[in-house]
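A quick write-up on the structure given underneath.
Every number in this text was worked out from the coordinates using simple rules, so none of it is lab data. Note that this is a predicted model, so its numbers are computed, not measured. No Cβ is skipped: glycine too gets one built from the backbone with ideal geometry, and neighbour counts run over all protein chains shown.
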């Protein structure tokens, strides 16, 4: 009997405890639900700060390509000085882009053009570029022919050029083999220069300098065969390019027609998992006159510019043939910036047989580049040579 009474009391106490706890548990759950509801009201999308937003915008441009409104810093010709410009890009299809752009330099160089690019033709085995425009250089430099000229020999000339071209690039195997063909119609009008230096016609005559004062219309065709296994021509940390390009400049008046052959080799050698890269480049340009025609002085091969001998002024040395050799030690700072220590050497020569390693001019320097995975939109370098120190500001890769 006593055992039965004990069991009844125990069960009754447990039931009372459970019943007593139910209101407390219900209150706690209601509080949690209310707190969660208050948090939902306060939720909002993450808003990055100004610095983070700027970095995100820069990354989007570097990775995904040209924004609709964008700066354009490419001059009409080397040596134009500080350049300002802008462009407007519009997708005419998911991949095809129309870009209208223009620039103006501190020396009065002008350039305006439109380019239509179709980068995914033939199942991504081809790319097409169509360009039309007009440019003028008011103070283009000419120092004379050969390597024996001095800075004091400088004269200037002006030229205007309307142009239209089409270039088709093919990768028949999607890797390694690259074929490119192009056709351009343009007119070169060489005129007296503006500015502080002597105009070229005050020192030379048409008899001593072919092409002086001429107005020449060219049909320029070109073809390239090469082996290219770089990530991209705009930015690579490994791979190489070896190619030959044949140019034919046909003058309808048969006065200044000629052919030019370019031989180019580029090799990138990664070190320490691409944290360092040794990059090498060599390019030789040779010209061949057609019959009794001549190569005009403004189209002669040259060394001296932001892409050849960087410490020398633009087009410092000109002649019938040219050679440029370049080496860089590139150091990766982060995914958007590299630094580089470089050395350039080169020469021009009247004869192809003289394109050897004797009598070379050289320079050296340091710089940094802002880049994306496939492009280098900004390159700033300081270069030094026997003629002084020079700052290079470019919106294209060196090689």
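Summary of computed values
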item: Acute angle (nearest 10 degrees) that the helix 50-64 long axis makes with the longest principal axis of the chain, alpha-carbon atoms; result: 60
item: D_trans [Stokes-Einstein, Kirkwood Rh over alpha-carbon pairs] for the chain, 20 °C, 1.002 mPa s, µm² s⁻¹; result: 86
item: Separation of the residue 176 and residue 386 label points, Cα + 7 Å toward Cβ, nm; result: 4.4
item: Directionally averaged shadow of the range 267-359, computed from the convex hull of its alpha-carbon atoms, nm²; result: 7.6
item: Ranked list, fewest to most other Cβ atoms within 10 Å of each Cβ, for 354, 153, 292; result: 292, 153, 354
item: Peptide ranges 67-74, 301-308, 163-170 listed from the most packed, as the mean C-beta count within 10 angstrom indicates; result: 301-308, 163-170, 67-74
item: Estimated FRET transfer efficiency (residue 69, residue 30; beta-carbon r; R0 51 Å; 0.05); result: 0.40
item: Distance in nm between pseudo-label sites at residue 90 and residue 273 (7 Å out along the Cβ direction from Cα); result: 4.7
item: Simple spin-label estimate for residue 331 and residue 231 in nanometres, 7 Å along Cα-Cβ; result: 1.9
item: Alpha-carbon centroid distance for the pair the range 172-215 / the range 311-368, whole angstrom; result: 22
item: Helix 2-42 vs. the chain, principal-axis angle (Cα, 0 to 90°, nearest 10); result: 30
